[in-house]
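What follows is one structure encoded as C-alpha cells, with my remarks underneath.
The values are calculated or read from the model by the stated rules, or taken from the named source; none is laboratory data. Given the structure is predicted, the values throughout are model-derived calculations rather than measurements. With ideal geometry, Cβ positions are generated from the backbone for all residues, glycine too; neighbour counts draw on all protein chains shown.
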C-alpha cells in the first residue's frame with residue numbers, strides 16, 4: 001500500500017501545483033492517514049462529498065475546489081463541519097484548482113473536450129503566465145444541442161444544467 005508521501009509525490013509531479021499562482025492553496029490541505037489504498041475524486045470539498053468519501057472508505061479525497069483560498073477563514077459553521085468530518089475520518093484532502101484547469105490530459109477542461117469529441121485541443125489562454133482552459137476543433141460537427149446532451153450525461157450535471165446559448169448552432173471550435 002503506498003504511503004501518503006508517495007501519492008503526494010505522484011500528484012505533485014503530474015499536476016505541478018507549485019508553478020501555479022493560485023489562491024486555492026493547491027496540494028495537501030488536510031493530512032489524514034499515512035497509507036493510501038482508496039482515492040475519491042470530486043469537484044468540491046462539500047460536507048456531503050467528504051461524508052460520502054469517508055463512508056466509501058477513501059483514504060484521500062482529491063478535489064478541484066478545496067477548503068482554503070489564501071485568506072484566513074474562521075472555523076465555524078459549514079467550514080467547521082467539513083473540517084471536522086475530514087479529521088474524524090482521518091481523510092487526506094488534496095486540492096488541485098488551476099493545475100486541473102490547465103492539465104492537458106487529466107484536467108477538467110481536457111476531459112470535457114474529449115466528452116464532446118473535440119479534436120486538436122490546446123490551452124485557451126494564459127492566466128498569470130500559466131496556460132489554462134481548452135480550445136479545439138468541433139470536427140464531429142456537433143450542434144450546441146448535441147453538445148448539451150453529451151454534457152448532461154455527466155454525473156452531477158442534471159437537473160441543474162444551465163445553457164446560455166449564443167453564437168452559431170454548430171460551432172467550429
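The table below gives the values:
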| quantity | calculated |
| --- | --- |
| Some residue of segment 141-148 being more than 20 Å from residue 164 (Cα to Cα) and surrounded by 13 or more Cβ atoms within 10 Å (Cβ to Cβ) | no |
| Residues of segment 69-96 that turn out to be modelled with pLDDT under 95 and within 16 Å of the chain's Cα centre (by Cα), as a count | 1 |
| Matching option when the condition is touching a strand residue (DSSP E or B) at 6+ places or on another chain (Cβ under 7 Å), under 30 Å from residue 67 (Cβ atoms), free of Cβ contacts under 8 Å to residues at least 60 places away in the same chain and not assigned by TED's automatic domain parsing to the domain that holds residue 27, among 113, 137 | 113 |
